[in-house]
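A short worksheet on the structure shown next.
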Amino acid sequence: MRPYLLLTPGPLTTSETVKEAMMSDWCTWDEDYNIGIVEVIRKQLVELATSRPEEYTSVLMQGSGTFCVEAALGSAIRPDDHLLVVANGAYGKRMGVIAGYYHLNCHVMQFDETQAVDPKEIDGYLNAHPEVTHVSVVHCETTTGVLNPLAEIAGAVKSHGKVLIVDAMSSFGGVPVDMAALGIDFLISSANKCIQGVPGFGFVIARRSLLEQCKGVARSLSLDLYDQWETMEKGHGKWRFTSPTHVVRAFMQAMKELQIEGGVEARHARYCENHRILVEGMRSLGFKTLLPDNEQSPVITSFYYPSADFDFKAFYYALKSKGFVIYPGKISQADTFRIGNIGDVFPADFIRLIEAVRELNIKIG
Ligand SMILES: *Cc1c(COP(=O)(O)O)cnc(C)c1O
């Protein structure tokens, strides 16, 4: 069931047991599904996200991660509000694009893609622009693998009393976060990243008191986060429209496996070890990372092409034939490729990967 490992930003390599959990059919209105699976997941997600679960709630939403980002922005921001999008990569930029579709009052603070976001500049912007009501930011910018300093960003946003929306798509479940401690109001992620489920839905964890005020704000029926939440709350795990039942069941298994591993701290430690072996190994072969170590997440790493005539396609297919699928780069300033550290992949896999790269005898410089 595993022709190769996916060392990508998602979907990821999943365990056999997560895949096996999809082998039965579920009735969406039966309590085996609603109460036995959906409500369990919703509660566990809140507990994973914060030390004060009573202040938060969660909504599951069909589609990929972007559907949930769009649902959150489109359901929480009113016509008179002002959104400040903090962007240092493709996913930050995408939030600005969503704001455009919804005709939101939107300010975009553009940072360099190879640098972490600077909280001091956000503070300065908010001093100059008191009309801003909401700030959105990406935690781990998967475009490069940069980890934005979430605690400091939240500190700046909260000192101005603004609503904070975090795209934690590629970090949630793999990098510890406490929404209540940081003051995060909405946090968005999806099934197929660090929780290690399969793709098909995403979720938003929200401050309950704020989500309760979002009735009637959405300008999209399918992506009305409030309506989806109200149906799940009142219907005890009921989805408004067909839910991806098999994917949701697989997700419950993935949550169980996260707990067995030792929770987010233990998973974070494994990803960090995967990352350490990858970077030390690649550097020993002459490759250079795009980012300085202090801005780098353990989620995904960008490497420069090792020479001007480097053939990425050939490298890609050579590694694929050895059992590893990697990812192209996504920035314009430099030629890079990316290798992910997340999913059901372990330090031993990265030791084998480095051996595989070594055997290719890639020309450096
Ligand atoms: C994966 C990802 C998304 C969502 O992408 P989809 O292709 O819609 O699932 C959004 N933001 C970040 C930071 C991501 O890594």
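Every number here is computed from the coordinates shown, using simple stated rules; none is lab data. Only a predicted model underlies this, so the values are computations on that prediction, with no experimental measurement involved. Virtual Cβ from ideal backbone geometry, glycine too; neighbours counted across all protein chains shown.
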- Residue-normalised 222 nm signal for the chain, counting each DSSP H run of n ≥ 4 as -39,500 (n - 2.57), nearest 500 deg cm²/dmol, is -11500 deg cm²/dmol
- Task: Nearest 5 is fine: what % of DSSP beta bridges in the range 200-346 come out antiparallel, could you say?
- Result: 100
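Counting only DSSP beta bridges with both residues in the chain, tell me the antiparallel percent, nearest 5. Spell out each step's value before the answer.
Details: 23 of 43 bridges.
If I count the DSSP bridges inside the chain, around 55 percent turn out antiparallel.
What are the DSSP H helices in the chain that stretch 30 Å or more along their long axis, judged by alpha-carbon atoms, and whose average Kyte-Doolittle hydropathy comes to at least 1.6? Mind dumping the intermediate values first?
On the way: long enough: 263-284 (32 Å, -0.75).
Taking the DSSP H segments of the chain (at least 30 Å long, mean hydropathy at least 1.6), we get none.
Sort Ile35, Ile260 by Cβ crowding within 10 Å, fewest neighbours at the top.
Least to most surrounded, the residues fall as Ile260, Ile35.
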- Item | Highest-fluctuation residue, Ala308, Ala90, Ala71 considered, GNM on the chain with Cα pairs under 10 Å | Ala308
- Message: Can you tell me which of Leu147, Leu73, Leu285 moves the most in a GNM of the chain? Springs connect C-alpha atoms under 10 Å apart.
- Response: Leu285
- Message: Let me see the P(r) profile for the range 46-87: every Cα-Cα distance counted, bins of 10 Å, each bin given as a percent of all pairs.
- Response: 22, 38, 39, 1
- Task: Quote the relative contact order of the range 155-275 in percent (integer), defining contacts as alpha-carbon pairs under 8 Å separated by 6+ residues.
- Result: 24
- Query: Could you put Met282, Met252 in order, starting from the residue whose Cβ has the fewest other Cβ atoms within 10 Å?
  - Reply: Met252, Met282
- Note on the structure: Place a point 7 Å from the Cα of Tyr304 in the direction of its beta carbon; the residues of the range 90-122 whose amide N falls under 16 Å from it are 114-115
- Under the definition of Cα pairs under 8 Å and six or more residues apart, what whole-number percent is the relative contact order of the chain? 25
- Note on the structure: Ordered by fewest other Cβ atoms within 10 Å, a rough proxy for footprinting exposure, Thr13, Thr231, Thr242 read Thr242, Thr231, Thr13
- Query: Listed here are the pairs Lys120/Lys158; Lys193/Lys320; Lys93/Lys120; Lys120/Lys330; Lys288/Lys363; Lys43/Lys234; which of them are more than 23 Å apart at the Cα?
  - Reply: Lys120/Lys330
- Note on the structure: A convex hull over the alpha carbons of the chain yields, per residue, a volume in Å³ of 128
